[in-house]
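To start, the structure under review is shown below, and the notes come after it.
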Amino acid sequence: MTGKVLITGAAGFIGFHLARRMLADGWQVTGLDGMTAYYDPALKQARLDILQGQPGFAFHQAMLEAEGGLTTLAAAVRPDVIIHLAAQAGVRYSIDAPRSYVQSNLIGTHEVLEAARAHPPRHLLMASTSSAYGANTKMPYTETDRATHPMSFYAATKIANEAMAHSYAHLFGVPTTMFRFFTVYGTWGRPDMALFKFTKAILNNEPIDVYNHGNMQRDFTYIEDLVEGITRLVATPPGTDPVGPMDSLSPVAPYRVVNIGNGAPVQLTDFIAAIEAATGRTATRNLMPMQPGDVPATWADAALITALVGPLPRTDIRDGVARFVDWYRGWNGN
Ligand SMILES: NC(=O)c1ccc[n+]([C@@H]2O[C@H](COP(=O)([O-])OP(=O)(O)OC[C@H]3O[C@@H](n4cnc5c(N)ncnc54)[C@H](O)[C@@H]3O)[C@@H](O)[C@H]2O)c1
């Protein structure tokens, strides 16, 4: 399947990789990004420079929340598929700057829904997060588990996005998939996330802050495995009939929530050991208490996505971390 796709957040970590993959698959890609200053815009620009060198790619710099802007863009492009990845991301920053999450994630996502209502694509896919599972302790996290106890305002805005998307899918009939991503990592990754921060500190002989005294687990998902899952799901829009018991979040709308994770949680200590092996250095650990808003563990139940699109590739954490460190050395010039 190919056609025209509109990707929001195309200069972001995941959007960049997805746009590159869909261009290679033969899609016409329109990317939108506000190039926000949440982290170094030079990294976003460098990703964008790669995309802009490729045939089939067009870029629009704009903020999601500009009223009517996305609807105008959708009228001009008439995308077959819309993939909405732009957001104010980050659990910790949502404690300091909650208004940014209201603007980008609530008002901005509503503009995406309005664009899809005015110019319905065959499939609308939007990013939610494993943080939606909040205070849940049952592992692994399954899509039909309650997602009603967010631990951060970031998670609250993403749960709100899921509810907003469900109402539009029900009222206006656009088949809608909400992805719940689990700690995505890899080349061109985000400077606010642990892998980038740890690698930078270890290579600079600086200590790393290890939260909850290292007693943390994350279902780390390698970027290329995630992108493979997204592209397979693009071709698998939901109908109103669930495919099985885990696909039953809506009795009325063509709407589906899908975990995309590796399906195997990794101890933070093993993650740090992988960075030490890839850098050839030993980390100095600064043991810290749990951070407000954070959860000690995440683990994706992969049964639904496997039932929908088959098993995804599962890059080993040591290989994925080594690929990141190689990229980081080149990016940072060390
Ligand atoms: N990376 C992860 O581990 C992870 C995990 C769970 C969910 N997610 C979600 O996946 C999506 C992509 O995440 P990412 O890691 O690529 O983040 P990212 O910050 O690298 O990319 C987001 C992009 O959106 C743009 N943006 C932000 N607010 C905007 C606005 N109001 N208008 C226009 N553009 C705006 C930013 O400039 C950025 O380039 C986000 O929705 C995020 O919440 C990511």
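Please treat every number below as a calculation from the coordinates, not as lab data. Everything numeric here is computed off the predicted structure, so don't read it as measured data. Positions of Cβ are backbone-derived with ideal geometry, glycine not excepted, and every protein chain shown enters the neighbour counts.
Please list the three semi-axes, largest first and in whole Å, of the ellipsoid equivalent to segment 62-104, using sqrt of 5 times the eigenvalues of its alpha carbon gyration tensor.
26, 12, 5
Using helices alone, I'd like the mean residue ellipticity at 222 nm for the chain: each DSSP H run of four-plus residues gives -39500 (n - 2.57), total over residue count, nearest 500.
-11500 deg cm²/dmol
Pick out which of ALA66, ALA169, ALA297 has the largest mean-square fluctuation in a Gaussian network model of the chain, springs linking Cα atoms closer than 10 Å.
ALA66
Given N residues in segment 184-291, what is its alpha carbon radius of gyration divided by 2.2 N^0.38 Å?
Rounded to two decimals, the normalised Rg is 1.41.
Considering all alpha-carbon pairs of segment 277-327, what whole percent are spaced by more than 16 angstrom?
68 percent
Using Cβ counts within 10 Å as a stand-in for footprinting exposure, how do LYS200, LYS158, LYS44 rank, fewest first?
LYS200, LYS44, LYS158
Please give the direction-averaged projected area of the C-alpha convex hull for the chain, in square nanometres with one decimal.
Average of the hull's projected areas for the chain equals 15.3 nm².
Under 8 Å for C-alpha pairs, at least 6 residues apart: give me the relative contact order for the chain, rounded to a whole percent.
Normalised by residue count, the contact order of the chain is 18 percent.
Percent antiparallel among DSSP beta bridges with both residues in the chain, to the nearest 5?
That works out to approximately 5 percent antiparallel.
Which of HIS213, HIS119 comes first, and how do the rest follow, when ranked by fewest Cβ neighbours within 10 Å?
So the residues, fewest neighbours to most, are HIS213, HIS119.
For the chain, with a Gaussian network of springs between Cα atoms less than 10 Å apart, report the residue from HIS170, HIS84, HIS17 with the top mean-square fluctuation.
Of HIS170, HIS84, HIS17, the most mobile in the Gaussian network model is HIS170.
Which listed residue (THR269, ASN286, VAL257) has the Cα farthest towards the positive end of the charge dipole for segment 225-294, taking +1 on Lys and Arg C-beta and -1 on Asp and Glu C-beta about the Cα centre?
Most positive-ward Cα: ASN286.
At what distance in angstrom do the alpha carbon centres of segment 289-334 and segment 149-199 lie from each other?
Comparing the Cα centres of segment 289-334 and segment 149-199, I get a distance of 15 Å.
Please compute the Kirkwood hydrodynamic radius over segment 1-147, one decimal place, Å, based on all pairs of different Cα atoms.
Roughly 16.1 Å, rounded to one decimal.
Please arrange THR298, THR2 by counting, for each residue, the other beta carbons lying within 10 Å of its beta carbon, fewest first.
Sorted ascending by nearby Cβ count, the order is THR2, THR298.
In a GNM of the chain with a 10 Å cut-off on Cα contacts, which of ALA11, ALA62, ALA42 has the highest mean-square fluctuation?
Of ALA11, ALA62, ALA42, the Gaussian network model singles out ALA42 as fluctuating most.
What's the Kirkwood radius of segment 140-185 in Å, using all Cα pairs?
12.1 Å
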